[in-house]
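For reference, the structure is listed below as structure tokens.
The values are calculated or read from the model by the stated rules, or taken from the named source; none is laboratory data. All of these numbers come straight from a predicted model, not from anything done at the bench. Here the Cβ is made from the backbone with ideal geometry for all residues, glycine too, and neighbour counts use every protein chain on show. With ligands, DNA and RNA removed, areas are computed over all heavy atoms of the protein, side chains included. Shrake-Rupley method; radii C 1.70, N 1.55, O 1.52, S 1.80 Å.
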Amino acid sequence: MKEQDISPLAEASAKFNVNPVNFQLDLPMLEIILQSKAEVEALSAQAGLKIIHHFLEEEIQQRCGPRGQQSAYRHGQQPGYVVFAGRKVSITKPRLRAKAGKELRLRSYEAFQQDGRMQRAVARKLTHQVSTRNYAAAIDDCLEGYGIDKSSVSRQWKVATTAELQKLVQRPIPADLVALLIDGQSFRKQWLIVALGVDKQAQKHVLGLWEGATENSTLVRELLADLRERGLNTEATMLVVIDGAKALCKGVREIFGERALIQRCRVHKLRNVLEHLPLEKRSQAAWRVCVKWLDPISPSAARSLEEGLEETLTVTRLGLHESLVRTFSSTNLIESCFARTKSWTSRVKRWRGARMVLRWGAAALLFAEKGFRRVRGHDHLSQLLQALQSHQSKLAPMRKVA
């Protein structure tokens, strides 16, 4: 049987045999009915704090034991805090000492402090475009608290996004991927490489995030090796859509061999060609790009188009439906991830190095992933599966000969 996750609070309750909480509150019912909803919410918050105090007292009683047989003793009180409603709330914390005089930790108290509640609350607010400066105003004022000034919120956000980054770079790769997209993106004046996968159900998955550019051959080999170590099946035939960098193309061949059907991004290819042309010729080139037309105008543009031109037509050569061709002829699926979070990442006034960019980039990608839908043309994905199987069958006799 699969073990269920147990929260620190539930574990503390079971460990100390906490009885059902029974306490009384003075509730002048007529006044409550006549007062606003905000007053009721404030009263509920106070009730929540009473429940927290009950857990602390219950643990003290359990660990002290009956009178005359104490294994520990009460030792007064001291100021403390718990995380409640997205903020730190001051409480009076009871103290406990062993017979030898050493102070004992209260597990229930630590559970109310360290369960990540504040980090999750901060992450929810900031990903919904609440700035660190306005965080305090965005929290309902039903309970007095602290730890919600902009510097404190920034620290909590740093903790939360560091966890998001670790989650992204360590989680396993789905086993049934049929397409892999890799692209370098400019994000807040840094270059990040993003890998995105599409499985047999046409669902998208963010696979990884690295700092650097796809022109760096060493980084390309490392990121592909990292994907393989985390479960990417490099023995299966797969459609690999890349941004067109030669180092990335070479790295894919080194890892996948001929099993990779490489599709170079057409948007990147057109962009690279246009960069070689005079401004007055670019509008014409967008509609009339061909090697013969370009050669008299700009030989470098003609060479740029000719290099890897066949790999820009892979999805067309496979005979896929036009909707799938639009989906997999470019790496726009990756660009759309960052486009969804552009509004709240643009609110940051100061970027402090690559590590901060990586943290925010991971948060942006995982936030975008929550709203992922199946890729356009998913009704025709069986065509891609058949094309991959056909390519796999062609490679089988070649392996036997080798």
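Computed values, structure above
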| item | result |
| --- | --- |
| Extreme residue, modelled with the lowest pLDDT, among residues of the range 155-185 that are part of a helix (DSSP H, G or I) and over 16 Å from residue 361 (Cα atoms) | 156 |
| Candidates 209, 232, 219, filtered to the one that is part of a helix (DSSP H, G or I), in contact (Cβ under 8 Å) with a residue 24 or more places away in the chain, under 24 Å from residue 170 (Cβ atoms) and open to solvent by less than 40 Å² (accessible area, probe 1.4 Å) | 219 |
| Filter result for the condition that a residue is open to solvent by less than 60 Å² (accessible area, probe 1.4 Å), of a type in the set (A, V, I, L, M, F, W, C) and touching a His at 6+ places or on another chain (Cβ under 9 Å), over 198, 178 | 198 |
| Residue 79, sole failed condition from (1) open to solvent by 30 Å² or more (accessible area, probe 1.4 Å); (2) farther than 30 Å from residue 230 by Cα; (3) part of a helix (DSSP H, G or I); (4) modelled with pLDDT of 80 or more | (3) |
| Meets criteria (buried (at least 21 other Cβ atoms within 10 Å of the Cβ), out of contact with any Leu (no Cβ under 6 Å at 6 or more places or on another chain), closer than 24 Å to residue 363 by Cβ and at pLDDT 90 or above) for residue 243 | no |
| Given (1) open to solvent by 70 Å² or more (accessible area, probe 1.4 Å); (2) modelled with pLDDT under 85, number of the condition residue 374 does not satisfy | (2) |
| Members of the range 311-337 found to be within 25 Å of residue 170 (Cα to Cα) and open to solvent by less than 20 Å² (accessible area, probe 1.4 Å), listed by number | 331, 334, 337 |
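Here is a yes/no grid of residues against (1) under 15 Å from residue 183 (Cα atoms); (2) in contact with a helix residue (DSSP H, G or I) (Cβ under 9 Å, 6 or more places away or on another chain):
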{"residue": "339", "(1), (2)": "yes, yes"}
{"residue": "342", "(1), (2)": "no, yes"}
{"residue": "345", "(1), (2)": "no, yes"}
{"residue": "352", "(1), (2)": "no, no"}
{"residue": "364", "(1), (2)": "no, yes"}
{"residue": "367", "(1), (2)": "no, yes"}
